[in-house]
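Below is one structure; the comments refer to it alone.
Just so you know, all these numbers are worked out from the coordinates, no wet-lab data involved. Bear in mind that the values here come from a model prediction, so they are computed numbers and not experimental data.
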Amino acid sequence: MDHAPGFLRLVEESRKRIRETTPEAVHARQRAGERFHLVDVREDSEWERGRAMGAVHLGKGVIERDVERLFPDLDADIVLYCGGGYRSALAADALQKMGYRRVQSMDGGWRRWRELGLPVTGVRDG
């Protein structure tokens, strides 16, 4: 996807303030039985076409509004992902500003997760 320069600058600024992880590291944590929340911040239509195994959906458009209901503990261990890691970086930055202390963005996102053949659910064409 060809992203606008202003959007890319905003993402790069956010990346300076957040922690990032990789799909490989997230999957290793899942296999090890670690307890954390994997949150898909993509649009509803993207979620409906498939998602990483174990993920819950809280779209980027509503995450700031709804996150406290889903995860009231500011020390909740949260890993966010989107299509490629840009929207999740912005969302991670916003959650940190809201006081969440253990939030990460998964660099590479859904595309990298799929490329690696990691477990998915709900996958359909379209």
When semi-axes √(5λ) of the Cα gyration tensor in Å is calculated directly from the model, which label among (1) 22, 18, 14; (2) 20, 18, 14; (3) 40, 21, 10 fits? (2)
Multiplying the sequence separation of L8 and R49 by 0.36 nm and subtracting their Cα-Cα distance, what value in nm do you get? 12.2 nm
Give, in nm to one decimal, the length gained when the segment between E115 and E64 is fully stretched (0.36 nm per residue of separation minus the Cα-Cα distance). 15.4 nm
For E20, other-chain or 5+-apart residues with amide H closer than 5 Å (H placed, Pro excluded) are S105
What whole-number distance in Å separates the alpha-carbon centres of region 1-33 and region 61-93? 12
Counting pairs of alpha carbon atoms under 8 Å apart in space and at least six apart in sequence, what relative contact order in percent does the chain give? 34
